[in-house]
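Scroll down for the structure; my scribbles are underneath it.
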Amino acid sequence: MTTRNPKSILFFGGSGIISHASVNLAVERGHNVTLLNRGNPSTRPLADVEVIRADATDPAAVKTALGDREFDVVCQFRAFTPDHVASDVELFTDRTEQYVFISSASAYQKPLQFTPITESTPLVNPFWQYSRDKIACEDLLIREVRENNFPATIVRPSHTYDRTLIPTMGHWADVARLRAGKPVVIHGDGTAQWTLTHTEDFAVGFVGLLGNPRAIGDTFQITGTHAPTWNQIYTWLAAAAGVTDPEFIHVSSESINTVLPDTGPGLLGDKAYSAVFSPAKIQALVPEFRTTITYDEASAEQIAYYDANPAAQPTDAVFDAGCDRLVEWVRSL
């Protein structure tokens, strides 16, 4: 499908897990796409687009690199603090028709009071600084929309993945443990539901908002309706890895945080809670957005990718040793 009204679109980043499929779809639909990034090699194939070399997280470098160029739409995937967003507002005021900020569904209230999660669910996360920073970015943009008519659109993705991002706590380290016949640690009792959205599905919703005047000044969560339990996710991953009788050890998120503190913010501030979202608002503007790829299928694609690319298989001795400690502790109870 080619758009009738092609736009000039600037992506900050553009080669990451969430953004690359959106870049490709925007090009496929006839938009004129420019990326601003450092030009690092990517394992994700991208369409032939213009690339401006600069550090997307350095506002001064961005200002120099862009000069006086203007774009119909600016997509900011690489801003994580309100200072950065404030610099963007200054730079792009009167230079774009739409500024799209990528926030995060992790900003929603923890623990949740009700599901499904909607765009009106309160934004309160006392556990994760990353989420609080995203909330502060949103607050700044909302003020700019109300007080200065800045043309912002806020997008909240949830857990968006592609063939390179295994969604479990240990990522490839969990696969290595499964194949070695070692128990795998799952937080909680494994029954919490977790929404997984493939990047190609996300792209349909995201690109559908670009250049859409009804999206200006509003907020949209772009999350699918595929919400398996963590037990299902690990079971599908094990099957894709060729492990027919995996052993799962369930451990509280608080205990995992004690032994593996690097995992703590993402667990206590996000994955420890069921996360089921309503797609009603995004589908009202982009009716074609829906879940077409589910993890029982995508897990096989991920294993195939890593098996074909041994150099991409990371090792994590700290995580592996921490899991061994947690397993030993549970078995001693």
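Figures for the structure shown
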quantity	calculated
Selection status of residue 86, in the same structural domain as residue 156 (by TED's automatic domain parsing), in contact (Cβ under 8 Å) with a residue 40 or more places away in the chain and assigned to a loop (DSSP other than H, G, I, E, B)	no
Residue 295 closer than 16 Å to residue 197 by Cα and modelled with pLDDT of 95 or more	yes
Residue within region 52-69 that is crowded, with 17+ Cβ neighbours inside 10 Å, in contact (Cβ under 8 Å) with a residue 12 or more places away in the chain, in contact with a Phe, Trp or Tyr (Cβ under 6 Å, 6 or more places away or on another chain) and assigned by TED's automatic domain parsing to the domain that holds residue 95 present	yes
Residue in region 198-212 that is touching a His at 6+ places or on another chain (Cβ under 6 Å), of a type outside the set (Ser, Thr, Tyr) and surrounded by 21 or more Cβ atoms within 10 Å (Cβ to Cβ) present	no
Test: residue in region 286-295 that is touching a His at 6+ places or on another chain (Cβ under 8 Å) and of a type in the set (A, V, I, L, M, F, W, C)	yes
Any chance residue 39 is in contact (Cβ under 8 Å) with a residue 24 or more places away in the chain, in a loop (DSSP other than H, G, I, E, B) and either at negative phi or not acidic (Asp, Glu) (or both)	no
Enumeration of residues in region 54-83 that are in a helix (DSSP H, G or I) and among the β-branched types (Val, Ile, Thr)	62, 64
Unmet criterion (only one of (1) in a helix (DSSP H, G or I); (2) surrounded by 16 or more Cβ atoms within 10 Å (Cβ to Cβ)) for residue 221	(1)
Any hit, region 56-70, residues being modelled with pLDDT of 95 or more and hydroxyl-bearing (Ser, Thr, Tyr)	yes
Residues satisfying the stated conditions in region 286-314, i.e. within 21 Å of the chain's Cα centre (by Cα) and not in a loop (DSSP other than H, G, I, E, B)	295, 296, 297, 298, 299, 300, 301, 302, 303, 305, 306, 312
Candidate set: region 247-285, residues that are in a helix (DSSP H, G or I) and in contact with a strand residue (DSSP E or B) (Cβ under 8 Å, 6 or more places away or on another chain); chosen: the one surrounded by the most Cβ atoms within 10 Å (Cβ to Cβ)	282
Residue match in region 70-79 (condition: over 25 Å from residue 212 (Cα atoms), surrounded by 15 or more Cβ atoms within 10 Å (Cβ to Cβ) and touching a residue at least 60 places away in the same chain (Cβ under 8 Å))	no
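Rundown of residues vs (1) at pLDDT 95 or above; (2) farther than 21 Å from residue 178 by Cβ; (3) out of contact with any Cys (no Cβ under 9 Å at 6 or more places or on another chain); (4) in the same structural domain as residue 124 (by TED's automatic domain parsing), yes/no style:
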| residue | (1), (2), (3), (4) |
| --- | --- |
| 237 | yes, no, yes, no |
| 243 | yes, no, yes, no |
| 247 | yes, no, yes, no |
| 250 | yes, no, yes, no |
| 260 | yes, no, no, no |
| 263 | no, no, yes, no |
| 271 | no, no, yes, no |
| 283 | yes, yes, yes, no |
| 286 | yes, yes, yes, no |
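The values are calculated or read from the model by the stated rules, or taken from the named source; none is laboratory data. Being a predicted model, the structure only gives us computed values, none of them experimental. For neighbour counting, all protein chains shown are included, and Cβ atoms are generated from backbone atoms with ideal geometry for every residue, glycine included.
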